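Visitor: One structure, as structure tokens, below. Some questions next.
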Amino acid sequence: MSAPQVAPGRTRRSWHRVWRMLRSRPRLLGSVLAMVLVFALAPRSLAWSTRALIGWDSGVLLYLGVCWRMMARADLGRLRARAHRQDEGRSVVLVVTSLCIAASFAAIAAELHGLGDHAASNPLRLCLAGVTVLLSWVVTQVVMALHYAGEFYSDPKAEGGLAFPGGEHEPNYLDFLYFSFTMGAAAQTSDVAVTSRGMRRLVLAHTILAFLFNTTILALAVNVGASVI
């Protein structure tokens with residue numbers, strides 16, 4: 001039996017969607033390229049896990065920096081335009097981000113593996129692991145804040161999904177960051193109400209991700225503490 005053939009037109013449309021997603025996210029693409037570049041240029045004398053963590057941290061710092069600059073300069077009109085332009089592919093970015101964060105934790109585990117009684121004599125490796133955990137947690141909340149903004153403003157005919165206190169009907173990036181960091185730290189919606197099915201799905205995904213993330217951090221902390229003691 002011959003393998004099913006993929007129509008050329010369908011393939012072209014798929015590549016066109018991928019290109020549109022990458023073109024609308026130059027910050028993400030540039031940060032990924034920076035990670036790869038730093039990893040490739042790091043001294044070969046370092047362990048692969050060390051080079052991987054340094055590359056990851058460099059890319060995350062670049063991404064957080066450009067996101068902060070974008071958020072600080074964005075008015076409501078720019079926020080709406082960005083949400084409409086990046087409506088397609090948000091779920092793909094969420095999956096890719098989750099996989100990258102999982103890979104960073106795998107590199108942390110490899111970095112800390114075998115330290116044992118020598119953990120206290122390797123403060124730089126411990127600090128690198130700690131910084132990576134912190135940056136991974138922060139970038140997770142920033143990515144989710146961008147997703148919340150996109151979900152809120154993606155459909156101009158049905159905007160909403162989150163009800164902020166004080167009757168705030170046109171929230172900005174700071175409002176979405178507040179909600180995202182609260183979810184990431186406490187895994188609860190605080191004083192913001194979720195009012196749409198699409199937003200509830202996104203909050204559910206964020207809650208599961210936050211639980212897995214915080215559980216992994218706790219397991220790493222116990223492992224490092226046991227090694228030092």
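Visitor: Taking F176 as the residue in question, decide whether it is closer than 23 Å to L64 by Cβ, at pLDDT 85 or above and either among the basic types (K, R) or in contact with a Pro (Cβ under 9 Å, 6 or more places away or on another chain) (or both).
Guide: Against the criterion (closer than 23 Å to L64 by Cβ, at pLDDT 85 or above and either among the basic types (K, R) or in contact with a Pro (Cβ under 9 Å, 6 or more places away or on another chain) (or both)), F176 does not qualify.
Visitor: While we're on this one: With segment 1-92 as the region, which helices (runs of 4 or more DSSP H) entirely inside it contain at least 1 residues that are surrounded by 14 or more Cβ atoms within 10 Å (Cβ to Cβ), modelled with pLDDT under 90 and hydroxyl-bearing (S, T, Y)?
Guide: 26-41, 48-73
Visitor: Only one residue in G150, G184, G160 is in a helix (DSSP H, G or I), over 30 Å from S49 (Cβ atoms), open to solvent by less than 50 Å² (accessible area, probe 1.4 Å) and not charged (D, E, K, R), so which one is that?
Guide: Just one listed residue meets the conditions, G150.
Visitor: Next question. Counting only residues that are modelled with pLDDT of 85 or more and small (G, A, S), which one in segment 199-229 is most open to solvent (accessible area, probe 1.4 Å)?
Guide: Filtering segment 199-229 for residues that are modelled with pLDDT of 85 or more and small (G, A, S), the one most open to solvent (accessible area, probe 1.4 Å) comes out as A205.
The values are calculated or read from the model by the stated rules, or taken from the named source; none is laboratory data. Computed from a prediction, not measured in an experiment: that's the story for all the values here. For neighbour counting, all protein chains shown are included, and Cβ atoms are generated from backbone atoms with ideal geometry for every residue, glycine included. The accessibility values were calculated without ligands, DNA or RNA, using every heavy atom of the protein model including side chains. Shrake-Rupley method; radii C 1.70, N 1.55, O 1.52, S 1.80 Å.
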